[in-house]
1. Assign unit charges at the C-beta atoms only (+1 for Lys and Arg, -1 for Asp and Glu), then state the dipole size of the stretch A:173-315 relative to its Cα centre in Debye, rounded to the nearest 20.
2. Among B:Thr176, B:Thr259, A:Gln63, whose Cα lies farthest out toward the positive end of the dipole of the protein assembly as shown, if unit charges sit on the beta carbon of Lys, Arg (+1) and Asp, Glu (-1)?
3. Taking the label point 7 Å from Cα in the Cβ direction, how far apart in nm is A:Val305 from each other copy of itself, listed shortest first?
4. For a quick check, take a GNM of chain A with Cα springs below 10 Å and name the residue from A:Asp218, A:Asp251, A:Asp320 with the largest mean-square fluctuation.
5. Once the label point is set 7 Å along the Cα-to-beta-carbon vector, what list of distances in nm do you get between B:Leu138 and its counterparts in the other copies?
6. Hey, any idea what % of the stretch A:221-374's accessible area is carbon plus sulfur with a 1.4 Å probe?
7. Sum up the charges of everything whose Cβ sits under 11 Å from the Cβ of A:Met237, counting Lys and Arg as +1 and Asp and Glu as -1, but leave A:Met237 out.
8. Report the normalised scattering of chain A as log10 I(q)/I(0) at q = 0.07, 0.09, 0.10, 0.12 Å⁻¹, calculated by the Debye formula with identical scatterers on the alpha carbons.
Number of protein chains: 2
Amino acid sequence: MLIKVSQPLLNNALQQIAHAVPAKSLIPILSGMKLEAELDGITLTACNGDMMLKCKIPSSVNQVIIHETGSTVIPARYLIDIIRNLPVDLITLTIDQNPRISIQSGNAMFHLNGMDPEQFPQMADFDNQDRVQFPNHLLKKWIKQVSFAASSSETRPVLTGVSCQFDRNEFKLLATDGVRLASRTAAVNQTFTERHAHVIVPGKNLINYAKILNDEEDVTVVTIAGSRILFKSNNFMMQSSLLEGTYPMIDKITRNSYTTEMTVNSSRFMHALERVTLMAEKNNIVKLQLNPENTAQLSSKTAEVGDAIEEFSLEEVHGDPLTIFFNGKYMIDIMRAVDSGQVLLRFSGKWNPIIVQPADNLTALYVLTPIRSN
Amino acid sequence: MLIKVSQPLLNNALQQIAHAVPAKSLIPILSGMKLEAELDGITLTACNGDMMLKCKIPSSVNQVIIHETGSTVIPARYLIDIIRNLPVDLITLTIDQNPRISIQSGNAMFHLNGMDPEQFPQMADFDNQDRVQFPNHLLKKWIKQVSFAASSSETRPVLTGVSCQFDRNEFKLLATDGVRLASRTAAVNQTFTERHAHVIVPGKNLINYAKILNDEEDVTVVTIAGSRILFKSNNFMMQSSLLEGTYPMIDKITRNSYTTEMTVNSSRFMHALERVTLMAEKNNIVKLQLNPENTAQLSSKTAEVGDAIEEFSLEEVHGDPLTIFFNGKYMIDIMRAVDSGQVLLRFSGKWNPIIVQPADNLTALYVLTPIRSN
C-alpha cells in the first residue's frame, strides 16, 4: 500500500468514525481502525461490536492519490491523535514491511504496527434488500425528537432501543423508558418500501448517527438485513445491531376524551419548568396546579432548603381543575424535543398519563406518567 | 433587607466567585454565599477555607437599588442556578422572615433558608499594610507563564505553591515540582513597596485569579497581612492563605557556561514535540539528539505499538553533539508558556538540567531535569 491524502480530509473522516472506537475492548482488533486503499478511494472503518461506522474518501487528483492499493488495521487512538497533530499538508501512508505502516508528513515519520485486516469484522450484506430513504435534515430532527426517551438502564435492554416501524405509507419512531414515551409518525412516499418492517435500534447508535450526520442536503438510505440495520448517506454509513424483544404498545395510552386540556406557549412553559425544577428534591417532583379560576402554577420544594412557585399563562384551557405531580426534568426534555411554538397538555385526572402534543402537529406524541405524591 | 438588582449583573458576579464555593464541605456555612446589601451596593463572598473571593456590585439608579440594607448567607449552588435561570429583568431579594430569603422575578418566586452571616469567615484586615500594584494584563501573563510548573501532588505541600518575591526593584515568581521549574522576574517601580517580602501562594488560587481577572485595563493591588495575601482589582478581590515552608533555591541551577546551546523556533519545536510525544510511553520519554553535522531530531517509541521520529531545524547552534532524554509533555508545557518566537535551549551534558529561555528575554527561565534512559 502507498497512498497520499490531504490532512484535513483524513482528519475529518477519522473524527466522524472515532465514536465507534471502543474506549476499552477485550477484542484487540476492535482497538484498531481498518484502512482500505482501493483505486477509487480510501475507506476507514471502526467498530465497537454493536455499531460499525464507515467513511469513504474518494480519490481525487491532488488530495487523495492511490499509488498502490492495500489494507491494514491501525491502532485507532494513535492514528487519530497523529493525524490530528500533523500539519495541513499531504500525508504519505505506506506499508513497507507488513504489518508495519509508515505515516510521513514533512519532517515527521511515524511507524505503527498494523493488525491483520482479515480479522476485522465485516459489514453484513445489504444488497438485494428493500430500502427506504429519508432526507437527512428530517431524519436528524425525528431522531432527536424521540430518542431521548429511550432508557439508559440495562434492566430492560429492549427499552434502551428505539422502535422503528416502516410501513407502506408511514415511518414511525417510538421510544420509552417505562415512565415517559416519545413517538413520531411521518408520512412517507409509498414507493420507498414494499413491505412492513418493525425493528428496535439501540438508542445511542441512532443518536450517534444523528450527531455526525453533517450533510443535511443529502438523503439517508435505510436497509435491513437479518439482525442488522444500515444507514447510508453519501460516503458515510453506520451499521447497527438490532435489539430483540417486544416493544410496549402505545395504543392503550391515548383516549378519545380528557378531563382537562390546556394549551401553553412551549418556550415559556419550559423556562418556568427549568426554574421550578431547580428547587425540586432529587426525584425532581414538580407540582402542576390548575385552579378553578383558570390560573395555573408550577411549584416544588426541597426540605430544609426552600421552595419555588411560578404562575404560567394558558393560551387555552378546557375541563376540570387539577393538581398533578410529575418528574420536572422529564417534562423539560419533552418541551425541548417538541418542535412547536405551542403545546397541548391533556390530562385524565391525577393518576393517569399526561399526554403532550405539539398544538399544530399531532403526528408527534409524548406521554409522561405522573408521580403519586401528596 | 430589600434590594432590586438586574439579572445580568448579579449572574455575572456570582459566576466570578462561584469557583470559591467548595464542591463538598464539612463546614455547612461554606456551602453558602454571603450577600451583604449596603447603601453603596451589594457584596457577594464565597470561601472554601483556603481562598475567599469577593465581588462588589455598586448601587446604580436603574440596575442596583438598595431599599433596605441587610445581610445573609444563601445556599450557594441553589442561588447560582436560580439566578442563572431567571430572565433578563430586575430581581427582587427580600428577607421577610429571617432567616428566609425570597427571590422574585416576573411570575417566579423562590424561598431559601438563609444562614447566619455572623458565622461566615471574615476577610483579614489588610489596612495599613504595604502594597504593590501590577497592571492586570501583565500579572495575568506572568501567572500563566510560571504557575503551570507548580506541583499537583500533596507529597511536598510547599511545591503546590508559587514563590512570590517582592523586592524594591523587582517582582519574582517561581514554581517547581522538583522535576521542572519556571521563573519570571519583572522590574517594578520602586515606589510600590518599601520592604522585602517573600511568600508562597497556593498555585491553584493564583491560576484561579488569573482566569477570572477580566478587566485587563485595570491594576491589581497586592497586600500581605500575616499568613494571608490579598489581590484586589476594581470591585473584585481574592484572599488566599499562604503556604509555610522553604522553597527550593534556583541559584545553583544556572551556570556560566554550557556545553551545548541551540536556538529554535518555539512554535515549530513545540508542534514537533507534540507529535513525537504521541508515541512516547506513559512516562512521556522523548529523546533529543544533536548530531555532529548539526542536524537535530526528536524521537520516541512505545513497545509493541510503534515509534516516531522528527527532524527539527535549528536557528543557531554551538557546542558539542548531544543525546538527552526528557519528559515530552513537560517540555511542551514550557514551550506553551514561553512568550517568544525563539527559545534558547542550554545543556551541560545528558545528566544535567536543561535550561530554556526566551531568546529575546532572559527574565523568564525554565528548567527541566532530564530522564536517565538508554
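The values are calculated or read from the model by the stated rules, or taken from the named source; none is laboratory data. Please read all numbers here as calculations on a predicted model, not as lab measurements. Glycine also receives a Cβ, built like all others from the backbone with ideal geometry; neighbour counts cover every protein chain displayed. For accessibility, only protein heavy atoms count, side chains too; no ligands or nucleic acids. Shrake-Rupley method; radii C 1.70, N 1.55, O 1.52, S 1.80 Å.
1. 480
2. B:Thr176
3. 4.2
4. For chain A, modelled as a Gaussian network with Cα springs under 10 Å, the answer is A:Asp251.
5. 6.5
6. 46
7. +3
8. At q = 0.07, 0.09, 0.10, 0.12 Å⁻¹ the computed log10 ratios are -0.42, -0.64, -0.75, -0.93.
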